[in-house]
Structures are given as structure tokens and as C-alpha cells.
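Below is one structure, written out as C-alpha cells, with a few remarks after it.
None of the figures in this text is laboratory data; all of them are computed from the coordinates on show. Just so it is clear, the structure is predicted and the values come from calculations on it, not from any experiment. Every residue, glycine among them, receives a Cβ derived from its backbone with ideal geometry; neighbour counts consider all protein chains shown.
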Amino acid sequence: MDRFLCPVDFSAYSLNALEYASKLLQIRKGSMTLIHIFSEKEFLHSLEDEKSSFDNLKQHAKEKLSTLAEEIEKEYEFECDFVLSIGDINNSISQYASKHGYDLIIMGTQGNGYSRKTIIGSRTLRTVENSTIPVLTVPLDADFTNWNSVVYASDYSEHDKITMQKLVSFVYSFRSRIRFVHVSHSKNVMNEKSYEEFKTELSSFLGYDKISYYLKEYKKDISSGIEEFVNEQQGDVLVLLKRKRNFFEKLLGNSVSTEITYLSTHPLLIYQEKDN
């Protein structure tokens with residue numbers, strides 16, 4: 001049974017991510033917690049403004065969260081509760097998730113105060129960086145129907161084996177086709193023999209019959225190559241493994257400020273190396 005943690009700031013982005021998470025959990029089965037973080041800045045401001053006292057802000061948020069939780073339970077028929085917290089938004093979400101044993105954080109790619117110049121907002125990016133559990137980022141235009149095609153962009157490392165095992169366990173309910181791809185500027189990065197050995201070893205380790213393997217060469221930057229591949233394969237979600245030093249930072253470092261349109265319409269699932 002899954003336990004999802006869904007940050008809610010009542011923006012359109014967070015509410016769409018909440019709806020996406022609810023549809024996902026309806027298939028996966030489990031429970032959900034909504035979390036609303038009062039930033040220290042908001043808290044200090046409320047102390048100076050009698051019309052928006054902290055108690056009033058807290059009560060208002062509590063009422064809205066309670067209504068959301070009740071609506072979710074009624075419509076999707078799983079347990080949904082909520083929590084209010086004060087602290088640094090960048091750290092509080094990941095810390096709460098880790099402390100209370102959640103399986104997945106699902107949040108909007110943007111929040112209140114978003115910038116149109118970015119695809120993934122700084123708050124979401126910081127949560128990804130600080131989290132020890134997987135994070136699913138959901139853009140405003142994403143609508144869950146099913147995960148028929150899941151793209152895992154890999155650099156073919158030992159860490160991929162455990163991550164793929166977790167991914168297979170998660171997508172099994174959807175019977176997804178996993179497209180395991182390594183994108184590089186040159187096909188010489190991994191020779192054919194090493195590639196076949198890796199496929200054989202990983203396939204035997206996973207025991208899942210719906211995995212396809214690809215080696216792709218793109219002359220342009222890697223992030224553009226990944227985007228082209230997921231569009232070709234009609235990927236419903238892109239999966240990455242966040243490591244200390246790999247193309248994840250290059251991909252997101254570019255995507256938050258450039259034209260990777262796939263991430264503006266499709267979710268991104270990020271696993272953490274330290275979670276393995």
C-alpha cells in the first residue's frame with residue numbers, strides 16, 4: 001500500500017498535481033496526506049498585520065485542506081488526511097516525507113509566485129534536491145489517464161539496477177512498457193558487447209517482460225535527445241535517477257530555463273541515488 005505526500009499551496013499547479021496523484025493512487029491503492037507549509041516570511045508578516053493574523057491564516061488553510069481531503073476521499077475512495085507546518089518550504093516537505101515514511105512526493109512543477117521563464121520552479125527543484133525519496137513533478141497541463149509508456153533515461157550504471165527494480169514494482173499495476181534508453185553524443189560510449197551484457201543481466205535481474213532497450217545518438221545536447229526520444233515513444237512519464245554527478249543536473253539545469261516542452265506537459269519521476 002502506497003503512502004503519497006502531496007504539497008498544496010492552493011495554486012492551480014498544486015491542485016492539478018493533487019488530482020493527478022489521486023488518479024494514480026486510485027490504481028496503485030494506498031493513502032494520501034496533503035501538506036501545507038507556512039513559510040517563516042508569511043508567519044512573521046502575519047504577526048505585523050492584525051487583519052491576517054497567523055491564527056486566521058492557519059484556520060483558513062485548515063478549512064480548505066479539510067474540504068479538499070473530504071472531497072478526495074469521497075471521489076476516489078481512499079484515506080486522505082492533511083497537515084499544516086511552519087518552516088522553510090525548500091526543506092520542510094522532504095524532511096516531513098522522510099521522517100514519516102512516505103513512499104512518494106507528488107507536487108506541481110510550479111507554485112505560488114512561479115516564473116513563466118521556467119518549466120520547473122525553484123521550490124520544486126529544491127525539494128527534489130533535498131529529498132531522500134522519489135519525487136513526481138506534475139505540470140499544469142498534465143492529466144493522468146494511464147502510464148502505458150514509461151521512459152527511463154539511463155547512463156547505464158550499477159545504480160540503475162535497483163532503481164529499475166523499484167520502478168518495475170511501481171508501474172506493474174499499469175502493465176507499462178518501460179523504454180530503457182541511453183542517450184549520448186556518440187555510439188562509442190558503450191560498445192555493442194557491453195550493451196548486450198548489460199541488457200541480459202538487467203533483464204534477468206528484473207524478470208519483467210515489458211522492457212525495451214535503446215542506445216541513441218544525438219548530435220545536439222543530451223536533454224534535447226531525451227525529449228525527442230520520449231516524444232517518439234509517446235512517453236507518459238520520464239524517469240531519471242538523481243545522482244551526485246550525472247546528466248540529471250545537466251538536463252534539469254537546462255530545462256528550467258530553456259525549451260524542453262515535454263516537461264511542460266508531462267510528469268517527471270525522479271529517484272534518488274541515496275534512496276537505493
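By the gyration tensor of its Cα atoms, with a ≥ b ≥ c the square roots of the eigenvalues, what is the shape of the range 54-107: rounded for a/c under 1.5, prolate for a/b over b/c, or oblate?
oblate
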Task: Stretchable slack from Leu215 to Glu197, in nm (0.36 nm times residue separation minus alpha-carbon distance) - done: 5.1 nm
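Taking the mean number of other Cβ atoms within 10 Å as a proxy for protection, how do you rank 57-68, 122-133 from highest to lowest? Working shown, then result.
Numbers: 57-68: 14.8, 122-133: 19.5.
Packing proxy ranking, top to bottom: 122-133, 57-68.
Can you order the peptides 9-20, 159-170 by their average number of other Cβ atoms within 10 Å per residue, highest first?
Per-residue mean Cβ counts within 10 Å order the peptides as 9-20, 159-170.
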Task: Residue pairs, from the table Lys23/Lys62; Lys166/Lys199; Lys210/Lys242; Lys58/Lys166; Lys62/Lys166; Lys29/Lys242, whose Cα atoms sit over 28 Å apart - done: Lys58/Lys166; Lys62/Lys166
